[in-house]
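S.K.: The structure is given below, and queries will be raised subsequently.
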Amino acid sequence: MQGELEEIIPLHYEEIARDRDVIKLDPDWEAYHQSERAGQLHMMVARCEGRMIGYHICFVRPHLHYRKSLSAITDIFYILPMHRAGRVGIELFKESEKVLKARGVQKIFLGCKIAMDLTPIFLRLGYNRIEYVFAKLIGDQ
């Protein structure tokens, strides 16, 4: 599946990543594989005619603040632009939630970019807005 991701992730990066001129895409595939081997990686994919068209990837583990509560911390999610009409994204998250719930996850954490605000969709799916995330470049540019 890494090969399929290697095709889509650059499209995702080009569409939504900020500071691309300073921070280049360079996934740590080994860290993902280690998380998978440890049983801490959740990846749900959407397909059309057998081809990956989207994904929801998160890390599943006890939350650092709540040791007895299994959480899913979303890393990334994406649907190819030509497949965003309809319910593909909604169904991807609903299916992901079912699988995560069956694994014992109590809470899913996720965020979305301001430039691609999906708040109405996530509110409709029952998520609550709980915080804002800020970022600042501080290294050499």
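S.K.: What pairs come out if I take residues in the range 101-129 that are surrounded by fewer than 14 Cβ atoms within 10 Å (Cβ to Cβ) and small (Gly, Ala, Ser) and pair them with residues that are assigned to a helix (DSSP H, G or I) and at pLDDT 95 or above whose C-beta lies under 7 Å away, six or more apart or interchain?
M.R.: Once the first residue is surrounded by fewer than 14 Cβ atoms within 10 Å (Cβ to Cβ) and small (Gly, Ala, Ser) and sits in the range 101-129, no partner that is assigned to a helix (DSSP H, G or I) and at pLDDT 95 or above comes close enough.
S.K.: Report the residue count in the range 87-141 for those that are touching a strand residue (DSSP E or B) at 6+ places or on another chain (Cβ under 7 Å) and basic (Lys, Arg).
M.R.: 2
S.K.: A further question on this structure: Run down 49, 91, 30 and say which single residue is within 18 Å of residue 7 (Cβ to Cβ) and either surrounded by 12 or more Cβ atoms within 10 Å (Cβ to Cβ) or not hydroxyl-bearing (Ser, Thr, Tyr) (or both).
M.R.: Criteria check complete, one pass: 49.
S.K.: If you go through the range 121-132 one residue at a time, do you hit one that is of a type in the set (A, V, I, L, M, F, W, C), out of contact with any Phe, Trp or Tyr (no Cβ under 7 Å at 6 or more places or on another chain) and in a strand (DSSP E or B)?
M.R.: no
S.K.: Suppose we keep only residues that are modelled with pLDDT under 95 and basic (Lys, Arg) within the range 105-128. Which one would you say is farthest from residue 63 (Cα to Cα)?
M.R.: The qualifying residue farthest from residue 63 (Cα to Cα) is 124.
S.K.: Continuing with the same structure: Quick check on the range 72-88: of everything there that is in a helix (DSSP H, G or I) and touching a helix residue (DSSP H, G or I) at 6+ places or on another chain (Cβ under 9 Å), which residue is surrounded by the fewest Cβ atoms within 10 Å (Cβ to Cβ)?
M.R.: Among those that are in a helix (DSSP H, G or I) and touching a helix residue (DSSP H, G or I) at 6+ places or on another chain (Cβ under 9 Å), it is 81.
S.K.: Residue 91: part of a helix (DSSP H, G or I) and closer than 21 Å to residue 123 by Cβ, yes or no?
M.R.: So residue 91 passes the test.
S.K.: Of all residues in the range 9-34, count the ones that are in a helix (DSSP H, G or I) and under 23 Å from residue 135 (Cβ atoms).
M.R.: Counting residues in the range 9-34 that are in a helix (DSSP H, G or I) and under 23 Å from residue 135 (Cβ atoms) gives 10.
S.K.: While we're here: Counting just the residues of the range 6-15 that are surrounded by 14 or more Cβ atoms within 10 Å (Cβ to Cβ) and either hydrophobic (A, V, I, L, M, F, W, C) or over 15 Å from the mean Cα position of the chain (by Cα) (or both), which one comes out farthest from residue 75 (Cα to Cα)?
M.R.: Per the criteria, the residue is 8.
S.K.: List pairs: first in the range 37-52 and under 12 Å from residue 100 (Cα atoms) and in a strand (DSSP E or B), second small (Gly, Ala, Ser) and at pLDDT 95 or above, Cβ under 8 Å, 6+ apart or cross-chain?
M.R.: 41/35; 42/72; 42/96; 44/96
S.K.: So is residue 131 at pLDDT below 95 and of a type outside the set (Phe, Trp, Tyr) or not?
M.R.: Answer is yes for this residue.
S.K.: Say whether the condition of being within 15 Å of the chain's Cα centre (by Cα), aromatic (Phe, Trp, Tyr), within 16 Å of residue 9 (Cβ to Cβ) and surrounded by 10 or more Cβ atoms within 10 Å (Cβ to Cβ) is met by at least one residue in the range 54-71.
M.R.: Yes, the range 54-71 has at least one match.
The values are calculated or read from the model by the stated rules, or taken from the named source; none is laboratory data. Just so it is clear, the structure is predicted and the values come from calculations on it, not from any experiment. With ideal geometry, Cβ positions are generated from the backbone for all residues, glycine too; neighbour counts draw on all protein chains shown.
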